[in-house]
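*Asks:* I have a structure here, written as structure tokens, and I will follow up with some questions on it.
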Amino acid sequence: MSKKYPALRRSDCPLNVCLEIFGDRWSLLIIRDLLFKKRHEFKDYLAAKERIATNVLSDRLRRLEASGIITKTVHPSDARKADYRLTEKGLDLAPLLFEMALWATKHEKTDAPTALVRRMSDDRSNLLAELRANHRPAPAQKNPSARE
């Protein structure tokens, strides 16, 4: 963790650890957008229907990077922009997001695409393999000074 986001935890309970890393609504939505919607630029997250504020987005991206869930690199086609990608640690959250989505579609009204929900349930291995293949880091150099 970074100086701004020290690794001081209330406890080492596994659920507490998870909640402290990505337990707010915005962090999970950023992870969702990276995993399922292929959003990799700051402006892409602002286009989401949940309408995250820019200051909150900046903070959550920094926290996710400090936790090793995402990486921030220079955008391959515009050095003024940052490109965000899930790390292996971040990709390992896919099954958790599947379970959360399956729970929500079972118990609540959602707009989740039926075909995707079916794949999360019945074709999990292939879906995970596809998501992993689609999220290989872009060939760019790490640059913490790239603007959001």
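*Asks:* At 222 nm, what helix-only mean residue ellipticity would the chain give, in deg cm²/dmol to the nearest 500, using -39500 (n - 2.57) for each DSSP H run of four or more? Walk me through the numbers before you get to the answer.
*Replies:* Details: 8 runs with 77 residues, N = 148.
The helix-only estimate for the chain comes to -15000 deg cm²/dmol at 222 nm.
*Asks:* Another question about this same structure. Could you give the length gained by full extension between residue 37 and residue 10, i.e. 0.36 nm per residue of separation minus their alpha carbon distance, to one decimal place?
*Replies:* Numbers: separation 27, 0.36 × 27 = 9.72 nm, distance 3.30 nm.
Gain on extension, residue 37 to residue 10, equals 6.4 nm.
*Asks:* For residue 54 paired with residue 18, estimate the spin-label separation in nm (one decimal), with each label point 7 Å from Cα along the Cα-to-Cβ line.
*Replies:* My value for the distance between the label points is 3.5 nm.
*Asks:* Given the pairs 43/72; 43/109; 89/109, which span a C-alpha to C-alpha distance of over 23 angstrom in this model?
*Replies:* On the way: 43/72 14 Å; 43/109 28 Å; 89/109 30 Å.
Pairs exceeding 23 Å: 43/109; 89/109.
*Asks:* Let me ask you something else. Starting from 0.36 nm per residue, how many nanometres of slack lie between residue 129 and residue 87 once their C-alpha separation is accounted for? Numbers along the way, then the final one.
*Replies:* Values: separation 42, 0.36 × 42 = 15.12 nm, distance 1.47 nm.
This chain segment gains 13.7 nm when fully extended.
*Asks:* If one takes the longest principal axis of the Cα atoms in the chain, at what angle in degrees, from 0 to 90 and to the nearest 10, does the Cα axis of helix 54-66 lie?
*Replies:* Result, in degrees: 90.
*Asks:* Working only with C-alpha atoms, what are the Rg and Dmax values of region 14-134, expressed in angstrom?
*Replies:* 14.6, 44
Coordinate-derived values only; no laboratory data. Worth saying up front: this structure is predicted, and the values here are computed from it rather than measured. Because the Cβ atoms are built from the backbone with ideal geometry, glycine has one as well, and the counts that use them run over all protein chains shown.
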